[in-house]
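Peer 1: Sharing a structure below in structure tokens format, with a few things to ask.
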Amino acid sequence: MGRKRKAVDQSSYSGRVASQLVRLREEAGLSVDEVVEKVNKAGYEVSIATLKHWENNRIKVNIDAIPYLAKSLKVKPHDIWPKR
């Protein structure tokens, strides 16, 4: 039984990206650790802390990471960027 996730403020574009990351990761049935492992294997170095910060909108997702995140989540890169 884990802690309940605090909702990310979606009033900003980066907040919507953060929410998309969480949704896509959960839909893929992956933990943060598993996504980090897949992204690192794909060739982009990311830490667990960084991914958590991205998902909680504490820091913005590095645009260079998007193709690696998409590959790891088995989605297209534009699926991570929500429509305005």
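Peer 1: So how compact is region 13-77: Cα radius of gyration and Dmax in angstrom?
Peer 2: Both quantities, over Cα of region 13-77: 10.3, 28 Å.
Peer 1: Just give me a number: lysine pairs in region 13-77, eight or more positions apart or cross-chain, with C-alpha atoms less than 13 Å apart.
Peer 2: Eligible lysine pairs with Cα atoms under 13 Å apart amount to 4.
Peer 1: Can you give me the distance in nm between label points at Asp64 and Glu26, each placed 7 Å from the Cα along the Cα-to-Cβ direction?
Peer 2: 3.1 nm
Peer 1: Convert each backbone phi in region 66-81 into a coupling constant with the Karplus relation 6.51 cos²θ - 1.76 cosθ + 1.60 (shift: θ = phi - 60°), then list the ³J(HN,Hα) values in order as whole Hz, x for Gly and Pro.
Peer 2: Once rounded to whole Hz, the list reads 4, x, 6, 5, 4, 4, 5, 8, 6, 10, 7, x, 5, 5, 6, 8.
Peer 1: A further question follows. I need Tyr68, Tyr44 ordered by Cβ neighbour count within 10 Å, fewest first.
Peer 2: Ordered from fewest to most neighbouring Cβ atoms within 10 Å, Tyr68, Tyr44 come out as Tyr44, Tyr68.
The numbers here are math on the coordinates, done by the rules we state, and not lab data. Because the structure is a prediction, the values reported are computed rather than measured. No Cβ is skipped: glycine too gets one built from the backbone with ideal geometry, and neighbour counts run over all protein chains shown.
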